[in-house]
Amino acid sequence: MSKKKRHEDHEEHIDETWLIPYADLLTLLLALFIILFASSQLDSKKYDSIMHSLNNAFTGGEAPFAMSNLIPVNNAANSTKNNDKNQNPPTKEESQTESQLAAKLQKEEKDLKELKQSMDAFIKENNMSEQLTTKLDNEKLTITISDRALFDSGSANIKPESQKLATSMSNLLGQYPGYQVEVAGHTDNIPIHRADFETNWDLSAKRAVNFMKILLTNTKIQPASYSSVGYGEYRPISSNDTTEGRAKNRRVEVSILRNIKATDEIAK
């Protein structure tokens, strides 16, 4: 009787051996999803770290999983650019052109800096810092001259005592040929009431022309490189609401234009 009972108890025992392969299957699925997730991120460092951890977990440190060959996103563009350069190196003609452009840019920068320094020295020697200023930027060297340094109020005739300024500037500009030069006249916004000038356009244009004529008396200057323009009141550098602001707006600007803009890129 007791033997029969023990036999029945044994038949009712639940078989749990299926849990072992089930657990292994879940572990493999987890590893698969981790690998897929890491691959989708295109992060080689993260991928390699995960592979190293899985290798240790499954093989005790051996490496059945290959390490990543993925290229990080941040370096992809640089790698492509470098490969293009390696595969398509510049020709001899292209290299010469790049070298010539670099040399021209270097000379232009040297010329304009020297011209600015010479003009600044003239301004200092003649105590004209309140009447003349210079500015060098990526497009041009600009010499700004206050109208009172050149003209009487409402007049376009250059004052006799201002001849030295115009002649000195002409001599400096003659030392640096090959640049386009623009002479621009500007006024304030106060309407002009003169028989010889109907508007501020006329006054500013005539002032620019008269100053340019003195510059062109230097035989070293090529007239074809020079031009004049009158902007009237429409390009102010200060407010026309104050006396000081209007005085700043009444000016003549001599701009020496760059042949090669600083924004032009030299191929590397």
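Once the Cβ-Cβ distance of Q117 and T199 is raised to the sixth power relative to R0 = 25 Å, the FRET efficiency obtained is 0.05.
Dimensions of the stretch 155-231 based on its C-alpha atoms, expressed as ranges along the principal axes with the largest first, amount to 40, 26, 17 Å.
Counting every C-alpha pair in the stretch 98-257, the share spaced more than 29 angstrom apart comes to 18%.
In terms of distances greater than 23 angstrom between alpha carbons, the cross-link table entries K107/K248; K135/K164; K124/K220; K104/K124 yield K107/K248; K124/K220; K104/K124. Given R0 = 41 Å, the distance between the Cβ atoms of T219 and E139 translates into a calculated FRET efficiency of 0.90.
Stretching the chain fully between L257 and F33 yields a gain of 74.3 nm (0.36 nm per residue, less the alpha carbon separation).
Say R0 is 41 Å: what FRET efficiency, to the nearest 0.05, do N189 and E98 get from their beta-carbon distance? Calculated transfer efficiency: 0.30.
Subtracting the Cα-Cα distance of L26 and Q106 from 0.36 nm times their residue separation leaves 22.0 nm of extension gain.
We did not get these values from a lab; they are worked out from the coordinates using the rules stated. A quick note: this is a predicted structure, and the numbers were derived from the prediction, not measured. FYI the Cβ positions are ideal-geometry reconstructions off the backbone, even for glycines, and counts take in every protein chain you see.
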